[in-house]
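Below is one structure; the comments refer to it alone.
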């Protein structure tokens with residue numbers, strides 16, 4: 001039986017949905033430590049994610065992501081923000097469904113495009129000539145996977161940070 005109080009809260013969703021911003025604030029509100037899986041990979045390797053993509057390809061990065069999620073899920077009672085593609089690999093989906101409370105932060109494509117417009121550190125967008133089309137395709141492809149792992153779906157479109165935090169807080173099992 002899983003100890004509900006020690007259960008991790010994991011945020012999934014497309015790039016630009018607010019996982020890091022929401023996760024950092026949610027961790028403060030819940031008085032838990034916060035980890036961003038992408039940040040942890042960068043800290044561990046000493047290089048940016050786009051560099052990992054360039055050197056190891058997406059497959060190499062995804063393997064690092066599997067290892068990092070596995071490590072983070074061993075730490076009890078934390079909040080984890082994941083990379084947008086974390087749900088691609090079946091082993092990650094299994095891990096997320098096993099003993100975490102997973103919050104899918106969904107968002108309109110328009111809002112995702114707006115939030116990622118100035119970003120220079122998103123490898124899947126950097127190679128794209130049409131960011132909106134790329135984001136739309138990624139969301140369409142990954143939507144069923146986000147839904148599969150989610151315990152709750154929170155639409156972040158047009159919402160303020162505190163409203164999103166309150167919605168998540170109410171949904172976390174006591």
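Each value in this text was obtained by applying a stated rule to the coordinates, not by laboratory testing. Fair warning: this is a prediction, and the values are worked out from it, not measured in the lab. Positions of Cβ are backbone-derived with ideal geometry, glycine not excepted, and every protein chain shown enters the neighbour counts.
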Q.
Ranking request for peptides 43-50, 7-14, 109-116: highest mean number of other beta-carbon atoms within 10 Å first, then the rest in descending order.
A. 7-14, 109-116, 43-50
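Shape of region 1-95 from its Cα gyration tensor (a ≥ b ≥ c, root eigenvalues): rounded if a/c is under 1.5, otherwise prolate when a/b > b/c, or oblate?
Numbers: a/c = 1.94, a/b = 1.55, b/c = 1.25.
Here region 1-95 falls in the prolate category.
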Q.
Students often get this wrong, so try it: which of (i) 15.2, 48; (ii) 14.8, 43; (iii) 17.0, 54 is Rg and Dmax of the Cα atoms in Å as calculated from the structure shown?
A. (i)
Q | Structure-based [θ]222 nm, the chain - -39500 (n - 2.57) summed over DSSP H runs of at least 4, per residue, nearest 500 | A | -17500 deg cm²/dmol
